[in-house]
1. Can you go through A135, A145, A140 and tell me which one is loosely packed, with under 11 Cβ neighbours inside 10 Å and assigned to a helix (DSSP H, G or I)?
2. From R55, R43, which residue is surrounded by fewer than 12 Cβ atoms within 10 Å (Cβ to Cβ), over 17 Å from T116 (Cα atoms) and modelled with pLDDT of 70 or more?
3. Determine whether segment 84-104 contains at least one residue that is farther than 30 Å from A143 by Cα, of a type outside the set (A, V, I, L, M, F, W, C) and modelled with pLDDT of 85 or more.
4. Could you check segment 4-33 and list, in sequence order, the residues that are in contact (Cβ under 8 Å) with a residue 40 or more places away in the chain, surrounded by 13 or more Cβ atoms within 10 Å (Cβ to Cβ) and closer than 16 Å to T52 by Cβ?
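The values are calculated or read from the model by the stated rules, or taken from the named source; none is laboratory data. Fair warning: this is a prediction, and the values are worked out from it, not measured in the lab. For neighbour counting, all protein chains shown are included, and Cβ atoms are generated from backbone atoms with ideal geometry for every residue, glycine included.
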Amino acid sequence: MTVARNLLEDLTVIGATIKPVGDRLILRAGRTAIPAELVSRIRAAKTDLLTTLSRGADRPGGEDARAQDRRTSTHSAFEPQISKWLNQHPAPSRPGHCAWCGRWGSPSTVVLPFGTEPETHTWLHSECWPDWHRARMAEATKALALKPVDRPRF
């Protein structure tokens, strides 16, 4: 997967959108703020992103656009179940200790709490959050795929 595709997936996971307009990229946050580290990665990959996005955007209904639509609709259809699973299976960690990289926070690398319930915070560096979140989404998706489906009995 290219850097641009990874970035597009990271944006999709947090509900953000990105759109090429000429030689510029228009980035819009979703329900979640876009982490500064992700914005920096987007700036660094601007040329690759413009190329990748223009392939699908310049050809309405092209294969890239159809594939993206399928991924987006699939993600949207399962988003409530994934969110519910993540809420039911928190990944708490020790305060001040990054759950992803294992390093302690410092004045130059602050470790922040992620989550809403006090006893279930996961502590992460902001630059570690995208990889941790992608792993948690994959964990939820795998767990839900293994869950038995309730089938009607005839």
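1. Details: A135 fails: loosely packed, with under 11 Cβ neighbours inside 10 Å; A140 fails: loosely packed, with under 11 Cβ neighbours inside 10 Å.
Only one candidate qualifies: A145.
2. Working: R55 fails: surrounded by fewer than 12 Cβ atoms within 10 Å (Cβ to Cβ).
Testing whether each residue is surrounded by fewer than 12 Cβ atoms within 10 Å (Cβ to Cβ), over 17 Å from T116 (Cα atoms) and modelled with pLDDT of 70 or more leaves just R43.
3. So in segment 84-104, the residues farther than 30 Å from A143 by Cα come out as none.
No, every residue in segment 84-104 fails to be farther than 30 Å from A143 by Cα, of a type outside the set (A, V, I, L, M, F, W, C) and modelled with pLDDT of 85 or more.
4. Of all residues in segment 4-33, those in contact (Cβ under 8 Å) with a residue 40 or more places away in the chain come to 4-5, 7-10, 12-14.
In the following step, the residues that additionally are surrounded by 13 or more Cβ atoms within 10 Å (Cβ to Cβ) were identified as 4, 7-10, 12-14.
Once the filter is applied, which keeps residues that are in contact (Cβ under 8 Å) with a residue 40 or more places away in the chain, surrounded by 13 or more Cβ atoms within 10 Å (Cβ to Cβ) and closer than 16 Å to T52 by Cβ, segment 4-33 yields A4, L7, L8, E9, D10, T12.
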